[in-house]
Amino acid sequence: MPNIYVNSNDGYVRMTHTSWASARDAVSGNLSSSTSTLSSYGVSAFASAGRGGSTTYYISRSFFYFDTSGISGEVDSATLKVYGVGTGGGDLIAVKSNLTISSLGTADYDAIEGWDTSTGANGSGAGDQESNVTKYSNEITTWSTSGYNDIALNATAKTDMKNTNTLYLCLINFDNDLKDITPTGTSTRSGVTYANYTGTSRDPYIEYTLVPSTNNSVFFGTNF
């Protein structure tokens, strides 16, 4: 099976705020990195209690892109492999991102195709984005913190792998961030290892296979 390794500019964009709605619907984050080796909060949406009864909300989205220019045939199967680290408590999903993440910065916090915050987050689902985004996978409900996590990419992702030169992808927390449900604790965090980790043994990559080609040629009267 061929493998495509992630571009080394992968990373995360994070937003923290004392208001869930302000954190969730921000157009820019307040922290980003495309040089980190790993993040225990790489894909997360959680709440942390502060002094005086205040609460701070943390949302982190991880972004990746892959050179798919060498794929010309139909993709039969494709699995995104991401090495987990640290925490593994939150469900997540892969969705389509866009080309701005090739130079990842805080402005890419909402660089997700179809993302629309016009309805406004309220922590009870008013700002649910599930029907707006382009899904690249099903919801992922388990997350290893000591090995590769296999994320099966769907037909939409496989078509984009064939028809575009670059596959842009975001991993986002499913239950709270995507669905606009206010988190109540710190368990909804999933740690991610990025391409800048030493060597390639933990780099994100896509393992894929192509639909076998068929040769229906029939040769008549040929001497070999």
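The values are calculated or read from the model by the stated rules, or taken from the named source; none is laboratory data. These numbers were taken from a predicted model, which means no experiment stands behind them. Virtual Cβ from ideal backbone geometry, glycine too; neighbours counted across all protein chains shown. For accessibility, only protein heavy atoms count, side chains too; no ligands or nucleic acids. Shrake-Rupley method; radii C 1.70, N 1.55, O 1.52, S 1.80 Å.
Quick notes on this structure:
- Residue among Ser48, Ser201, Ser144 with the largest mean-square fluctuation in a Gaussian network model of the chain, springs linking Cα atoms under 10 Å: Ser201
- Whole-number accessible area per residue in Å² for the stretch 93-149, which is evaluated in the context of all protein chains at 1.4 Å: 45 Å²
- Summarising the amide proton neighbourhood of Thr186: residues at separation of 5 or more, or on other chains, whose placed amide H is nearer than 5 Å comprise Ala47.
- The heavy atoms of Lys179 present about 50 square angstrom of accessible area, all protein chains included, probe 1.4 Å.
- Ratio Rg/Rh, restricted to the chain and using Cα atoms, in which Rh is the Kirkwood radius: 1.07
- For Glu74, the residues whose modelled amide H falls within less than 5 Å of its own, excluding neighbours fewer than 5 places apart on the same chain, are Val211.
- Gaussian network model of the chain, Cα within-10 Å springs - most flexible of Ile59, Ile101, Ile151: Ile151
- Each peptide in 65-76, 188-199 receives the mean, over its residues, of other Cβ atoms within 10 Å, and ordering these scores from highest gives 188-199, 65-76.
- Cβ charges +1 (Lys, Arg) and -1 (Asp, Glu), total dipole of the chain, debye: 420 debye
- Summed residue charge, Cβ within 15 Å of Ala195's Cβ, Lys/Arg positive, Asp/Glu negative: -1
- Thr55 long-range amide H proximity, modeled H, under 5 Å: Gly50
- Solvent-accessible area, 1.4 Å probe, carbon plus sulfur percent, for the chain: 45 percent
- Summing charges over neighbours of Ser39, with a neighbour being any other residue whose Cβ is under 12 Å away from its Cβ, gives +2 when K and R count +1 and D and E count -1.
- Amide N of the stretch 85-116 lying under 13 Å from the label point, which is placed 7 angstrom from the Cα of Thr156 along Cα→Cβ: 93-98, 112-116
- FRET efficiency estimate (nearest 0.05) - Cβ-Cβ, Ala49 to Asn163, R0 45 angstrom: 0.45
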